[in-house]
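Visitor: The structure follows.
The values are calculated or read from the model by the stated rules, or taken from the named source; none is laboratory data. In this text the structure is predicted, and so the values were computed from the model without any measurement. Cβ coordinates were reconstructed from backbone atoms using ideal geometry, including for glycine residues, and neighbour counts include every protein chain displayed. Heads up: the accessible areas ignore ligands, DNA and RNA and are worked out on the full protein's heavy atoms, side chains in. Shrake-Rupley method; radii C 1.70, N 1.55, O 1.52, S 1.80 Å.
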Amino acid sequence: MPYLISEEAQDLLQDVRKFCENEVVDTCIEADKTGEWPRELYEKAAEQGYLQLEIPEEFGGVGLSRIDVAALFEEMAKADAGFATTISASGLGMKPVLIAGTDEQKQYICDLIMDGGLGAFCLTEPGAGSDASAGTTTAVLDGDEWVLNGRKCFITNGAVASFYCVVASTDKSKGVKGLSMFLVPATAPGLSAGKEEDKMGIRSSNTTDVVLEDCRIPASNIIGKEGEGFKIAMQTLDQARAWMGCLSVGIAQRGIDEALKYTKERVQFGKPIIKNQSLQFKLADMDIKTEVARQMVANALTRMDEGLDYSRESAIAKCYASDIAMEVASEAIQAFGGYGYSREYPVEKLLRDAKIFQIFEGTNEILRIVVANNLMRR
Ligand code: CAA
């Protein structure tokens, strides 16, 4: 048991494990080939309640701690990182509302998720990636409605979400202090999904542009106050990054599991190759680093649960765990030798899946800025 979790979560973990074995693995191998979003799989996951894990108890959730949820997300990421990303990115889409929304807004999005819906977080634009405050999307108040115009890109769940949390400028003259956050239902007139990305990995997840053309939403759909959008986006990412660390640990753990199994079975020079100390040390290093990453994730999530600061810990967890996921996936391929490089075996996909975790929800370079900023404030 990698995390110390509640009894309720232990039961759920067994269910998730079975669901992943029976439903996720093969479906997502197929999605990896075709790039098609496996809608039916997510409908089945919704039926099991796996989209609802981050819903707070007071809004109808099961009331798991974040460590409980981490154990479940790690299991999902072990089966397929794209599957876990879809669910975790839906949680990312919920966070602006859970952090700064009204109780009505919170209940609204939680009900959508409980009905099998997904959320999406719309910050990034073609000219505003790491420089997240440089977006050009605008929101203008027209009577009792906001009218949004702009284009967001690289949005996980972009074409399949039920609601979107969108950052837009309500006052260009104020720069970052003129950015606001909006809750946009998928049914809002003027919202559509644009170009879909043909990605290197996490191909069972959906990533598209989100286009806002005179998109109208009620005035009450602002999240927090005007001008608070950037702060809410940063607080959202501070939380979400630890979850990306958690998924990275899942990829790394899969790499260890696959390498261990293979090296016990593969015979060369008359003995299983695991009998070579060079491979034992390789596996031990993979295990040590993955466990360190897992404990970093646990530390960040425990601090969140306890109401302590977590910006630094969350950034550290995501940065370290995603670097480790790349390293462990690469070492797993090495342990498989030539077979590891073949698509017939499961480990090359891990490397392709792992790469994005060093990039999205803040590149690891930006995360070092976040860590340094936290240091300099001491
Ligand atoms: N919490 C609260 N407020 C914060 C904050 C935080 N963590 N970080 C910054 N702020 C506030 C600052 O205090 C400041 O306000 P004051 O002047 O009142 O103090 C204001 O925001 C501006 O701060 P900075 O000057 O530090 O902002 P910056 O423009 O230099 O940017 C940055 C800082 C860390 C580089 C930020 O732009 C950033 O995180 N960039 C990366 C964006 C990112 O992670 N994008 C991923 C998008 S999600 C995704 O990947 C899609 C998906 O679907 C998976």
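Visitor: Compute a Gaussian network model of the chain, connecting alpha carbons closer than 10 Å, and tell me which residue from Phe357, Phe83, Phe336 fluctuates the most.
Guide: Of Phe357, Phe83, Phe336, the most mobile in the Gaussian network model is Phe336.
Visitor: While we're on this one: With a point put 7 Å past each Cα toward its Cβ, work out how far Thr34 is from Tyr345 in nm, to one decimal.
Guide: For Thr34 paired with Tyr345, the spin-label model returns 2.8 nm.
Visitor: What accessible area per residue comes out for the chain, rounded to a whole number of Å², with a 1.4 Å probe?
Guide: Dividing the accessible area of the chain by its residue count gives 44 Å².
Visitor: Can you work out the FRET efficiency for the pair Asp305 and Gln107, with r the C-beta to C-beta distance and R0 = 22 Å, to the nearest 0.05?
Guide: Calculated transfer efficiency: 0.50.
Visitor: Tell me what the chain gives for mean residue ellipticity at 222 nm when only DSSP H runs of n ≥ 4 count, each as -39,500 (n - 2.57), the sum divided by the residue total, rounded to 500 deg cm²/dmol.
Guide: -17000 deg cm²/dmol
Visitor: Taking the Cα centre of the chain as origin, work out the dipole magnitude from +1 charges on Lys and Arg Cβ and -1 charges on Asp and Glu Cβ, in debye rounded to 20.
Guide: Dipole magnitude for the chain comes out near 1480 debye.
Visitor: Okay, moving on. In the Gaussian network model of the chain, springs joining C-alpha atoms below 10 Å, which of Leu41, Leu72, Leu183 carries the largest mean-square fluctuation?
Guide: Leu41
Visitor: Please list the three semi-axes, largest first and in whole Å, of the ellipsoid equivalent to segment 197-322, using sqrt of 5 times the eigenvalues of its alpha carbon gyration tensor.
Guide: 42, 21, 9
Visitor: Moving on. Under 5 Å between amide hydrogens, which residues at least 5 positions from Gly194 or on another chain qualify, with H placed 1.01 Å from N in the peptide plane?
Guide: Answer set, sorted by chain and number: Asp209, Val210, Val211.
Visitor: Can you list residues whose amide H is under 5 Å from Thr124's amide H, if they're 5+ apart or on another chain and H is modeled 1.01 Å from N?
Guide: Cys153
Visitor: Oh, and also: What is the calculated FRET efficiency for Thr187 to Val267, with r their C-beta to C-beta distance and R₀ = 51 Å, to the nearest 0.05?
Guide: Calculated transfer efficiency: 0.30.
Visitor: To the nearest whole percent, what portion of all C-alpha pairs in segment 1-93 is separated by more than 21 angstrom?
Guide: 27
Visitor: Going by accessible area, probe 1.4 Å, with all protein chains left in place, what is the ranking of Glu54, Glu196, largest first?
Guide: Glu196, Glu54
Visitor: Same structure again: Once the convex hull of the alpha carbons of the chain is built, what does its volume come to per residue, in cubic angstrom?
Guide: Considering the Cα atoms of the chain, their hull volume per residue is 134 Å³.
Visitor: Further question: What residue among Asn157, Gly224, Val176 has its Cα farthest toward the positive end of the dipole of the chain, where the charges are +1 on Lys, Arg and -1 on Asp, Glu, each on the Cβ?
Guide: Farthest towards the positive pole: Val176.
Visitor: Quick one: pull the percent of accessible area on the chain belonging to carbon and sulfur, 1.4 Å probe, ligands and nucleic acids left out.
Guide: Exposed carbon and sulfur together represent 50 percent of the surface.
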